[in-house]
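Report on the structure given below.
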Amino acid sequence: MQRRQFVRMLSVAGAGALTGLMPMGRSAWAATTPSAASASQKKMVVIFLRGAVDGLSVVAPYAEPDYARYRPTIGLPAPGKTDGLLDLDGHFGLHPALAPLMPLWTSGKLAFVHASGSPDPTRSHFDAQDYMESGTPGQKRTSDGWMNRLLGELPGRPSATRGLSVGAVLPRIYAGPVPVASMAEGQGATRPTILDQPHVADAFARLYDGSDATSRTYRESLAARREVLASLDPSAMEKEQMAANNGAPLPNGFPDDAARLARLMRNDPNVQLAFVALGGWDTHAGQGTARGQLANRLNPLGQGLAILADRLGPVFDDTVVVVMSEFGRTARENGNRGTDHGHGNAMWVLGGPVAGGKVHGRWPGIDESSLNENRDLAITTDFRDVVADVAERHLAFPAAQLAQLFPDRPVHGDTPRILRT
């Protein structure tokens, strides 16, 4: 068996944070420690809701009569009514399960971009997610993901943990030549692996002491793992996890992971980009209203985002969190009291630099003449415009390189500015 194959087997078998074992392509990154880091303090976290969350329930246009007419059993009551929406601006209301986020809204650190998404019309989860993660809607041949391209062109000194993925599998959005560190979900984030055994570590150190690409990749990945673990003090982390639970339902453990991610980002200034994927949003049946399937997903998500903002402390002032999903859901409920695959959705944007307390974007309305294909919310804001705004004005991504970040992205004159000037 070749060494490269053996390394890949170990990364799958339990080497946890060694998902940095991937082709380098461009120049290798030298591993750095937090004390030696000179990377930018500006940070971005992307949270991808796989399965297509219902944006018309997350940010509901309750002021429009068609909303209640389209959704006789799953439409959320207006603000002020029992289990009603949380009023945002007199037209839109926030799902009551997301009440932990209201302080961020009122303090101007939470905004939404409604009627946003990918311009590609597919209703396939697989294709839509691929397009949003590659950043090239409708193009199946793109080999890398936009967050990897973003990493490759950010100003400042690279580090082994500049790009971080939460989860065991490297997501499509990070595919590419620039290495990415990973943090396992849940308790696996600090669980010892086979490479933590001294005799195994020594053997690998001798095996990969050369100057070839595979040896360099191994050493950089190992350095990234050590840096992640050094920033996650288990004793302190256990206390944070207990506080994060707070009796809330944890279908996917996001509050715990959010607390852990916040601690890592606060302790390791090298971490600049982070990605988290959360599933369970495909609510074809029994979607529910203020309670039920969707509410049970939104509750821990809202708590986790509030925890992330709180635990980041002053770092939150230099952080932008973007929550996105592959497409929205139908305006009308179906016969199973759920919603089917749609088109337009609502993106969430949180952070100190955000022009919050506002629903951004051009709202097309949900009357029958305005719906996409007479069934879905139309898209008036390309998701790439939102990300490009964050990349250029927050992360100082070179404006001249935006065409490489998102090839073939149309330039619109009315693109919403979701960051404060």
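The values are calculated or read from the model by the stated rules, or taken from the named source; none is laboratory data. Here the structure is a predicted model, which means the values were calculated and not measured. Counting neighbours? That spans all protein chains shown, and the Cβs are built from the backbone with ideal geometry, glycine included.
Summary table below
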{"item": "Residue that is surrounded by the fewest Cβ atoms within 10 Å (Cβ to Cβ), among those in segment 252-261 that are part of a helix (DSSP H, G or I) and touching a residue at least 60 places away in the same chain (Cβ under 8 Å)", "result": "ASP256"}
{"item": "Qualifying residue in segment 69-89 (condition: touching a helix residue (DSSP H, G or I) at 6+ places or on another chain (Cβ under 7 Å), basic (Lys, Arg) and either within 24 Å of LEU419 (Cα to Cα) or not in a helix (DSSP H, G or I) (or both))", "result": "no"}
{"item": "Cβ-Cβ under 7 Å pairs, at least 6 apart or on other chains, segment 82-95 side surrounded by 22 or more Cβ atoms within 10 Å (Cβ to Cβ), far side modelled with pLDDT under 95 and assigned to a loop (DSSP other than H, G, I, E, B)", "result": "none"}
{"item": "Residue list for segment 62-81, filter: farther than 19 Å from ASP340 by Cβ and either among the acidic types (Asp, Glu) or in contact (Cβ under 8 Å) with a residue 40 or more places away in the chain (or both)", "result": "GLU64, PRO77"}
{"item": "Residue list for segment 125-177, filter: aromatic (Phe, Trp, Tyr) and in contact (Cβ under 8 Å) with a residue 12 or more places away in the chain", "result": "TYR131, TRP146, TYR174"}
{"item": "Boolean, GLY93 is more than 30 Å from ASP389 (Cα to Cα), in contact with a Pro (Cβ under 7 Å, 6 or more places away or on another chain) and modelled with pLDDT of 95 or more", "result": "no"}
{"item": "Yes/no for LEU301 being farther than 22 Å from ASP66 by Cβ, touching a strand residue (DSSP E or B) at 6+ places or on another chain (Cβ under 9 Å) and outside any strand (DSSP E or B)", "result": "yes"}
{"item": "Evaluation of PRO61 against (1) within 22 Å of the chain's Cα centre (by Cα); (2) modelled with pLDDT of 50 or more (one fails), failing number", "result": "(1)"}
{"item": "Residues located in segment 262-297, provided they are buried (at least 24 other Cβ atoms within 10 Å of the Cβ), under 25 Å from LEU76 (Cβ atoms) and under 17 Å from the mean Cα position of the chain (by Cα)", "result": "LEU278, ARG297"}
